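Since the structure comes first, as structure tokens, the remarks are kept for the end.
Please treat every number below as a calculation from the coordinates, not as lab data. The model shown is predicted, which means the values in this text are computed figures rather than measured ones. Positions of Cβ are generated from backbone atoms using ideal geometry, with glycine treated the same way; all protein chains shown enter the neighbour counts.
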Amino acid sequence: MDLIPRLLAGESPALARAITLVENQHPDARELVARLYPHTGQARVIGITGPPGVGKSTLTDQLAVRFRQEGMPVGVVAVDPTSPFTGGAILGDRLRMTRAAGDPGVFIRSLATRGQLGGLSRATGDVIKLMDAAGRRLILLETVGTGQAEIDVMNYAHTTVVVAAPGLGDEIQAIKAGIMEIGDVFVVNKADREGADRTVAELEMMLDMAPDRGGDAWKPRVLRTVARDGTGVDEVLREVKAHWGHLEQAGRLQVWRRRQAEFELAGMVRSLAAARLLEWAHQTGVWAEVRDRVVERSLDPCAGAELLLREYREAFGRRAAKSPGTAGRRGEV
Amino acid sequence: MSDIIRVLVAKPGLDSHDRGAKVVARAYRDAGMEVVYTGLHQTPEQVVEAAVQEDVDVVAISILSGAHDVLVPRIVNLLRERGRGDVLVLVGGVVPEEDIPALEQAGVARVFGPGSRLEEIVEFTRRCVRGQG
């Protein structure tokens, strides 16, 4: 754990190694995150999402450079898909981040999804915490190319930028059906191409049709960029900052923090509770009994799960009542 | 829990195409590794910064320009300076036979010339990384 002081001092190799431990679910990873957690909560996180090929990485690169010009230490988390067949991945986002990648003040980490759905890697939340603790005050979180369901980014980002491009055809339908609601800022990139006006108009129409959330609610706008040469990127920057200003008023940031904590807490409860229950059921043989009843069609899977939960509760209730001192000993039930 | 091998495929210098690098990147991916690819015209400093940030196990340098005798030792030395002397450094591309001993002397684990089999590259990489474990 000598990583911790080095990471807190902002050393890149220590941060890089800590991220690897978290990604690989190394036995030390939990303690690492636990000890760094009090040092987090300082960074601003901007999510960049949208269909494949719209220019998310290039826009991320341009934003990173601009935040650097303001003197902010920047972290970039770029997620690419893992091949479901081989478990390998080509992480190519750096290829489009040539401006920022030359600057040691920008720490870029490419993550593979490793089977996680939702557009991010399972480690994303912890990776953001590590960068935050290492003093990266501005974190850009770029998702995989998203379709309709990849909305996890909104749970980590203070501001979510949804990127589209002209000529996407049905992809724009996907945005409309899925990720439209999570955008705080909309960007039509490659705006020098034919069809940009139409793409902007389509998005604006969708935004107009969204239910009115009251007079002082944030109203997302649609901006145009050509990320390749930087056109319009300053306007995106201004809009993101305007959104921060909005978030800082009327206790909204506190609401956001509460929602973010609930998201992570609920996710942890789900995975921990399920893991504990399954471990107990396997060890005691209850699992095999219930499974066989499901096979015989005397229980449906849902009823089987409820039965498991009931037996688990009873086992622990009984044990706790009888002899509290032995609670937790294996094979007791 | 099995840790996934992470590889940086790097193209330092002035090479104008990266077909070979992409073929190797694909082979590594198909072997279940995570491959960071950074594109053409990288300086040794950029290659090493990327290797550090991405915490890779392997840097696979593809080079066709003939500048290997300068660029490769520079990358190896910068890795050591940054505390990542443990990284497996491989070279692929066009390297004259007589230059290979000097590169190996400098810390390159192996030079794969034209005609090297992808299976051989992948197998060698896996054996070295796992062997170090």
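Pick out which of A:A123, A:A29, A:A157 has the largest mean-square fluctuation in a Gaussian network model of chain A, springs linking Cα atoms closer than 10 Å. Of the options given, A:A29 has the highest mean-square fluctuation. The C-alpha radius of gyration of chain A, expressed as a fraction of 2.2 N^0.38 Å, stands at 1.16.
For the range A:259-326, the Kirkwood estimate of the hydrodynamic radius, built from every pair of different alpha carbons, is 13.5 Å.
In whole angstrom, how long is each semi-axis of the equivalent ellipsoid of the range B:6-132, when you take the square root of 5 times every eigenvalue of its Cα gyration tensor and sort them from largest down? All intermediate terms of the calculation are to be shown ahead of the outcome.
On the way: eigenvalues 63, 58, 45 Å².
Taking √(5λ) for each Cα gyration eigenvalue gives 18, 17, 15 Å.
Across the range A:177-291, Cα-Cα pairs more than 22 Å apart make up 57 percent of the total.
What aspartates and glutamates could a cross-link reach from A:K56, if we take a straight Cα to Cα line under 13 Å and drop same-chain neighbours fewer than 8 places away? Reachable aspartates and glutamates: A:D80, A:D93, A:E142. In this Cβ point-charge picture (+1 for Lys and Arg, -1 for Asp and Glu), the range B:6-132 has a dipole of about 300 debye about its Cα centre.
Only one residue of A:L223, A:G55, A:A273 has its Cα farthest out toward the positive end of the dipole of chain A, where Lys and Arg carry +1 and Asp and Glu -1 on Cβ, and that residue is A:A273.
Using Cα springs under 10 Å in a Gaussian network model of chain A, which residue among A:G232, A:G102, A:G92 shows the largest mean-square fluctuation? Of A:G232, A:G102, A:G92, the most mobile in the Gaussian network model is A:G102. Along the range B:102-113 the Karplus relation, 6.51 cos²θ - 1.76 cosθ + 1.60 evaluated at θ = phi - 60°, assigns HN-Hα couplings of 5, 5, 5, 4, 6, x, 7, 6, 6, 10, 9, x Hz to successive residues, with x for each Gly and Pro. Note on chain A: GNM, Cα springs under 10 Å; of A:L91, A:L253, A:L278, the largest mean-square fluctuation is that of A:L278. Of all lysines in the structure, the ones whose alpha carbon falls short of 21 Å from that of B:K22, not counting any fewer than 8 places away in one chain, are B:K11. Charge dipole of chain A (Cα centre as origin; +1 on each Lys and Arg Cβ, -1 on each Asp and Glu Cβ, all else neutral): 980 debye, rounded to the nearest 20.
Label separation (B:R127 vs A:V269): 5.3 nm, computed from points 7 Å beyond Cα along the C-beta direction.
In order along the range A:133-141, phi translates into HN-Hα couplings of 5, 7, x, 6, 7, 10, 10, 9, 10 Hz, rounded to whole numbers, per the Karplus curve 6.51 cos²θ - 1.76 cosθ + 1.60 with θ = phi - 60° and x for Gly and Pro. Put simply, the amide H of B:F112, placed in the peptide plane, has neighbours under 5 Å in B:V91, B:G92, B:G93, leaving out anything fewer than 5 places away on its chain. Amide H contacts of B:Q42: B:K11, B:G13, each under 5 Å away and 5 or more positions distant or on a separate chain (H built 1.01 Å from N in the peptide plane; Pro and chain starts excluded).
Put simply, the amide H of A:A164, placed in the peptide plane, has neighbours under 5 Å in A:V187, A:V188, A:N189, leaving out anything fewer than 5 places away on its chain.
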